[in-house]
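Written out below as structure tokens is the structure these notes cover.
The values are calculated or read from the model by the stated rules, or taken from the named source; none is laboratory data. Since we're looking at a predicted model, the values are computed, not measured. Cβ: placed from backbone, ideal geometry, glycine included. Neighbour counts: every protein chain shown. Ligands, DNA and RNA are stripped out before the accessible areas are found, and what is left, the full protein with its side chains, is counted by its heavy atoms. Shrake-Rupley method; radii C 1.70, N 1.55, O 1.52, S 1.80 Å.
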Amino acid sequence: MSRARADEEEYWHSSKFRAFTFDDEDDELSQLKESKRAVNSLRDIVDDDDDDDLERVSWSGEPVGSISWSIKETASSSSSSLEGRDSSLQKGSSSYAAFPKQVSSYSLSNLFKGRNKLPSFQSLSDALSDTGVKNYAPELRRPKAEYKDYSSDWSPKDTVRRMQRGKICSLERFRSLQDKLVLLDEAVAGHDGNVITAVLIFLKRTLRREILFRELEVRQVALCHLIHFLKETGEQKLLLDLLRFLDRTEEVALSQYREHLNIQDVEKRKEFLKGCIGLPFSAEDTSHIQDHYTLLERQIIIEANDRHLETAGQSEIFRKYPRKASILNMPLVTTLFYSCFYHYTEAEGTFSSPTNLKKTFKIPDKQYVLTALAARAKLRAWDDVDALFTTKNWLGYTKKKAPIGFHRVVEILQKNNAPVQVLQEYVRLVEDVETRLNLATKYKCHDVVIETYRDLKDRIQLTAYKCKVERGSAEEEKINSILNN
């Protein structure tokens, strides 16, 4: 009996498990209970519902998620922390509710999620970012859905949809010609110009030109996008190759003609335009190219002559009105205005004469009159303005005639601050009575208003207009004379 008892005692003392004794310094049962509670508290990692009624604790007996817990549980050199764990365990093993809720505002779930329970406390991320404190919280992996942006499993249709939403999609996975064409067709079907352009850039980079041109020939929408893109980016060589492949000879000629815009030297530009005359343009475009070359040639001559006159000070008009810019590379209308301003009285045989320009470039009468009127009115040359509209018939009688309408003449003269006497002369020539009265009232041409009401025999309107003129003025006396007669 005593041997059996001795064997039993030897069994218990030799095993790694020890019997329960009240005198044992390390209370394993209490540790087991505390471990169970701590494991139960780990459910908050996956459970978003926080249990505010119970405080979560660790094996060390401290609230889970506190700064001291993070450091003590994960530090590599933890000899001192083990002692702290035993002491804290003895303090907290008496009862589960012995840990006060005010000790910490952090929980284990908050440690991983990065949020606080109480807004007044410092956040865990801010606390761990302080100097001297190491970040022991594990880095969470991104959701698997985010990695799908870089996946190679997207179909052409799904790829286009994601590109429309601004997602990052790699097109390198489309290696075969068939896949690339399907991708292009899906992009065209999506009616998104940015996506179509992005796919075309990918095809332009990964396909040979002959194959790309051949496939785009039967896809007109994509072809138009590529042509516009090449024009905008200035890829002239590729654009010309594409247009030649499509046998668009006129577009090839126009594209080559546009190259003159990149030539700054006027002499080189003139020679380039001379070479463009022989390109396969249409008859109308060929005429325009010829006029462009002739105009630039004429501008070079006028510019050289006027620069010499301005420098030498031999011309009064250049001294009174110095030139503000060069005439080179200016449009035809600007050149005509320049000639009407500085060379209006020159003979038709000179290159700078306005009539020579009108005849050479077949400028319409309306355009010529509008330009000459603006130039001479700016110089306040009212005699030239009057001569511009005066014509003679075969009997020698003079008559004023304006191909643009005298109401337009009045507006241009008023913009150039013409005197009232000049305005009244041309307001009288407006045929429509209502328009004439409106212009005369607007620009205070009192004589025209009075004469119009007199011709209409409108006594009421004439009496009403009498209140709009100054008392004792010549206009008031004229109105009284008409009313009394």
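Here's the yes/no breakdown for (1) crowded, with 16+ Cβ neighbours inside 10 Å; (2) part of a helix (DSSP H, G or I); (3) modelled with pLDDT of 90 or more; (4) over 29 Å from the mean Cα position of the chain (by Cα):
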| residue | (1), (2), (3), (4) |
| --- | --- |
| CYS169 | yes, no, no, no |
| ALA187 | yes, yes, yes, no |
| ILE211 | no, yes, yes, yes |
| ARG214 | no, yes, yes, yes |
| HIS225 | yes, yes, yes, no |
| LYS231 | no, yes, no, no |
| LYS237 | no, yes, no, no |
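One line per residue, one yes/no per condition, for (1) under 19 Å from GLN414 (Cβ atoms); (2) modelled with pLDDT of 90 or more; (3) out of contact with any helix residue (DSSP H, G or I) (no Cβ under 7 Å at 6 or more places or on another chain):
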| site | (1), (2), (3) |
| --- | --- |
| ASN438 | yes, yes, yes |
| VAL448 | yes, yes, no |
| ASP455 | no, no, yes |
| ASP458 | no, no, yes |
| LEU462 | no, no, no |
| LYS466 | no, no, no |
| VAL469 | no, no, no |
| GLU476 | no, no, no |
| SER481 | no, no, yes |
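To keep it simple, each residue is scored yes or no on (1) within 37 Å of the chain's Cα centre (by Cα); (2) among the β-branched types (Val, Ile, Thr).
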site: ASP247; (1), (2): yes, no
site: HIS260; (1), (2): yes, no
site: LYS268; (1), (2): yes, no
site: LEU279; (1), (2): yes, no
site: ALA283; (1), (2): no, no
site: THR311; (1), (2): no, yes
site: SER315; (1), (2): no, no
site: PHE318; (1), (2): no, no
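Taken over the stretch 388-406, residues that are β-branched (Val, Ile, Thr) and open to solvent by 70 Å² or more (accessible area, probe 1.4 Å) amount to 1. All of (1) under 16 Å from LEU226 (Cα atoms); (2) open to solvent by 40 Å² or more (accessible area, probe 1.4 Å); (3) assigned to a helix (DSSP H, G or I) hold for ARG161 with one exception: (1).
Of all residues in the stretch 467-485, which are assigned to a helix (DSSP H, G or I) and closer than 19 Å to ARG436 by Cβ? Talk me through it step by step, then tell me what you get.
At the first step, the residues of the stretch 467-485 found to be assigned to a helix (DSSP H, G or I) are 474-484.
GLU475, LYS478, ILE479, ILE482 - these are the residues of the stretch 467-485 that are assigned to a helix (DSSP H, G or I) and closer than 19 Å to ARG436 by Cβ.
Looking only at the stretch 381-427, residues that are within 51 Å of the chain's Cα centre (by Cα), under 22 Å from THR452 (Cβ atoms) and among the basic types (Lys, Arg) come to 2 in all. Residue count for the stretch 310-328 under the criterion of being more than 23 Å from ALA374 (Cβ to Cβ) and either in contact with a strand residue (DSSP E or B) (Cβ under 6 Å, 6 or more places away or on another chain) or part of a helix (DSSP H, G or I) (or both): the result is 2.
For THR335, the conditions (1) open to solvent by 40 Å² or more (accessible area, probe 1.4 Å); (2) of a type in the set (Val, Ile, Thr); (3) within 42 Å of the chain's Cα centre (by Cα) all hold with the exception of (1). Only one of the numbered conditions (1) under 26 Å from PHE406 (Cα atoms); (2) surrounded by fewer than 16 Cβ atoms within 10 Å (Cβ to Cβ) is not met by VAL448, and that is (2).
Taken over the stretch 247-276, the criterion of being of a type in the set (A, V, I, L, M, F, W, C) and surrounded by fewer than 14 Cβ atoms within 10 Å (Cβ to Cβ) is satisfied by LEU261 alone. Is it true that TYR342 is open to solvent by 70 Å² or more (accessible area, probe 1.4 Å) and of a type in the set (Ser, Thr, Tyr)? Considered against the rule, which asks whether it is open to solvent by 70 Å² or more (accessible area, probe 1.4 Å) and of a type in the set (Ser, Thr, Tyr), TYR342 comes out as no.
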